[in-house]
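Okay, structure first, notes after.
The values are calculated or read from the model by the stated rules, or taken from the named source; none is laboratory data. Being a predicted model, the structure only gives us computed values, none of them experimental. Here the Cβ is made from the backbone with ideal geometry for all residues, glycine too, and neighbour counts use every protein chain on show. What goes into the accessible areas is simple: the full protein's heavy atoms, side chains included, and nothing from ligands, DNA or RNA. Shrake-Rupley method; radii C 1.70, N 1.55, O 1.52, S 1.80 Å.
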Amino acid sequence: MGDPARDQTRSEQPYGRMFGVLDNLPHFVYLQSDDGEIHYTNKKFVALFGTVDGELCFRHFKRGDEFCKDCPTLRVFETGESQTRPFLGPDCRRYRIHESIYRDPELGVLAMKVGSDVEDITEAMEEAERAHDEAVRAKAEAHAILDSPRNVMIVALTHDLRIRFYNKNFQQFYGAAFGVEPKVGDYSLDYLQFEESAEVAADLLKRSDKGERPKRLRSYTINGEVRHVEFHVQRSPIAENEPDGYTVFAIDVTQRVEAERALAESEALYRAVLESSPDAVALTDLDGTITLVSPQNQKIFNHKSVDDFIGRSVNDYLDPTEWESAEKNIRRIHAGEQNDPQVYLMVKATGERFYGETSSSVIRNERGEPTKMLTFIRDVTDRVRDREKLERFAAELRQTNAEKDRFFAIVAHDLRSPFHGLLGLSKTLRDTLNELPPEKIQRSASLLHDSADYLYQLVENLHRWSRLQRDMMPFDPEPVRLDEIVESATTAVAASAEAKGVALKNEATLETTLVADKPMTVSIAQNLLTNAVKFTSPGGSVTVRIEEETDAIRLVVADTGVGMAPETARNLFKVDKRSTSVGTANETGAGLGLLIVKDMVAKHNGEIAVDSEEGVGTTFTVTLPKSR
């Protein structure tokens, strides 16, 4: 349908007849000036696109100039040119049109454009715009993702190392480093600034071409602060028919480098402390797995290398009897209940046992949770042995003092009785000497002599025992014939045995030699024989014999006397249990003879034993080594 106003305007224009022809053409026709303004449209154009006279042509390429930015609407056309371009029609529909341009000199700057092949591309254009918008959004998201990692700079390079993309972190870091904002197309090595850049870059690229992901550390100074950057290079495709480029990931590792440097310094200091410590030091996990040891551990545990400890359990170096105790102590240390040094029986690599003192402490993390155990170990075997010896000596000293106190109490009691008799007799003689008959004086003098002799023997035995205790008695071992010593002792005792009616049998006919102190050996034999005669009733017998072994000789003295109760026999050689016994003929004695015999036998590294039964008799057996 025509527009009357428009038709009237046309009839007044020049070339009215020509416009009438143009209105009847099957093609759309419009006249456009070089500045883009449309001056005439025929009916076909109006039918297709609506009335647009006097409007700029490029308004009909809305939706953003980007989709028709290459359309040559505003340039001067030559006659005969043709073009295909999008066009905005009624109701915002879009078309692709093909048009030819004709220029008539009489029309001046106007060009007549005749179009055909009109294609409605609205849906295609909308789909293209959606795809374009999606691409823009995806690109923005990609940029956001690439910009999001902290301290990670990303730069994409062409095959000739020109920058074709970089993220925000790269822009900020290198802008601050060089005071110049990087640009696409810049030569990358101007920013990376490796020492000997070309050689370094060549090496990195060569390794990247082999499929490796090489890295390089570089330091920069920004505002007086040193920053450390680690570069990772990866070969990256760009597009078809284009050489592959490279992607460089530059990571700001300043904190890591400084932490590693601080850690290295701390470890160096830690190892220096470990190596200089006089004690062995071990670092373990909470389950007891060894992770680090000092060199001193090699010496203490006889390992060839510190590596021999790593990964092993602390229980490998503890005697099994200590496992339970050690586990309990470790639990208490973890709980903060105990941190006192502990002494354990430990095991060396050779299996040898020794005593080790440990001092342990817990290493905790920032949350206060235990993570490691640090233990100092010291070999205290000598100290433990010395302490055991001191404790044993102290116990022996306490026992000896107690025995001596008891012994001196008994000796004091034994001395009082003879002195009482001696004093009484001497007083009687003093007061009644002129009144007593000669026979009574003789009897009293005899009793005085016997008491004095007993006291002398008691004092003499005390003196000999005291010298033995203080190791002051002469001791000169020499080869001696034991059978000859027994013969001498038997002869010395024979008279008292005969007077008492006791048979003395010497069966020591075996000729044997041993290394011993002769006076002491004689005293041992004589004391045993005298003691046997003392506790044997008339009609009984005392027998002495010698028995030989490979490395020792036994002297056996057996009697058929009164014997002893088991309790008496057990306490016979104990100083504090000594008691005075009266012989079968009322013979007296302080009981020191057997104590002296025991000490003399011990001086020869020998042993003495007693076997007795009440009413049956007693047998003493002395075993002496043949040589010292």
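Looking at GLU484, is it touching a strand residue (DSSP E or B) at 6+ places or on another chain (Cβ under 9 Å) and open to solvent by 40 Å² or more (accessible area, probe 1.4 Å)?
no
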Over segment 266-283, the set of residues under 16 Å from ARG378 (Cβ atoms) and either at pLDDT 80 or above or assigned to a loop (DSSP other than H, G, I, E, B) (or both) is SER277, PRO278, ASP279, ALA280, VAL281, ALA282
Taking segment 540-562, which residues are polar (S, T, N, Q), more than 60 Å from the chain's Cα centre (by Cα) and not in a strand (DSSP E or B)? THR560
Condition test on SER305, is it hydroxyl-bearing (Ser, Thr, Tyr) and in contact with a strand residue (DSSP E or B) (Cβ under 8 Å, 6 or more places away or on another chain)? no
How about segment 279-295: which of its residues are free of Cβ contacts under 8 Å to residues at least 24 places away in the same chain and either over 22 Å from ARG331 (Cα atoms) or in contact with a His (Cβ under 6 Å, 6 or more places away or on another chain) (or both)? SER294, PRO295
Looking only at residues that are touching a residue at least 40 places away in the same chain (Cβ under 8 Å) and within 23 Å of THR623 (Cβ to Cβ) in segment 481-503, which one is nearest to the chain's Cα centre (by Cα)? LEU482
Check off (1) open to solvent by 70 Å² or more (accessible area, probe 1.4 Å); (2) of a type in the set (Asp, Glu); (3) in a helix (DSSP H, G or I) for ASP287 and give me the number that stays unchecked. (3)
Please count how many residues of segment 331-348 are open to solvent by less than 80 Å² (accessible area, probe 1.4 Å), part of a loop (DSSP other than H, G, I, E, B) and either polar (S, T, N, Q) or in contact with a His (Cβ under 6 Å, 6 or more places away or on another chain) (or both). 1
Within segment 528-560, how many residues turn out to be open to solvent by 50 Å² or more (accessible area, probe 1.4 Å), acidic (Asp, Glu) and over 17 Å from ILE485 (Cα atoms)? 2
Could you list, in sequence order, the residues of segment 329-351 that are charged (D, E, K, R) and either in contact (Cβ under 8 Å) with a residue 24 or more places away in the chain or touching a helix residue (DSSP H, G or I) at 6+ places or on another chain (Cβ under 6 Å) (or both)? LYS348
Just name the residue that is nearest to LYS210 (Cα to Cα) out of those in segment 239-251 that are open to solvent by 20 Å² or more (accessible area, probe 1.4 Å) and not aromatic (Phe, Trp, Tyr). ASP244
Taking helices (runs of 4 or more DSSP H) that do not extend beyond segment 168-223, which have at least 1 residues that are loosely packed, with under 15 Cβ neighbours inside 10 Å, acidic (Asp, Glu) and at pLDDT 70 or above? 189-192, 197-209
Can you tell me which of (1) modelled with pLDDT of 80 or more; (2) surrounded by fewer than 18 Cβ atoms within 10 Å (Cβ to Cβ); (3) more than 25 Å from ALA503 (Cα to Cα) is the one MET600 doesn't meet? (2)
Is segment 322-330 home to any residue that is open to solvent by less than 60 Å² (accessible area, probe 1.4 Å) and among the aromatic types (Phe, Trp, Tyr)? no
Scan segment 349-363 and tell me whether some residue there is surrounded by 14 or more Cβ atoms within 10 Å (Cβ to Cβ), aromatic (Phe, Trp, Tyr) and modelled with pLDDT of 90 or more. yes
Select from segment 366-402 the residues that are open to solvent by less than 40 Å² (accessible area, probe 1.4 Å) and under 19 Å from ILE330 (Cα atoms) and list them in ascending order. GLY368, MET373, LEU374, THR375, ILE377
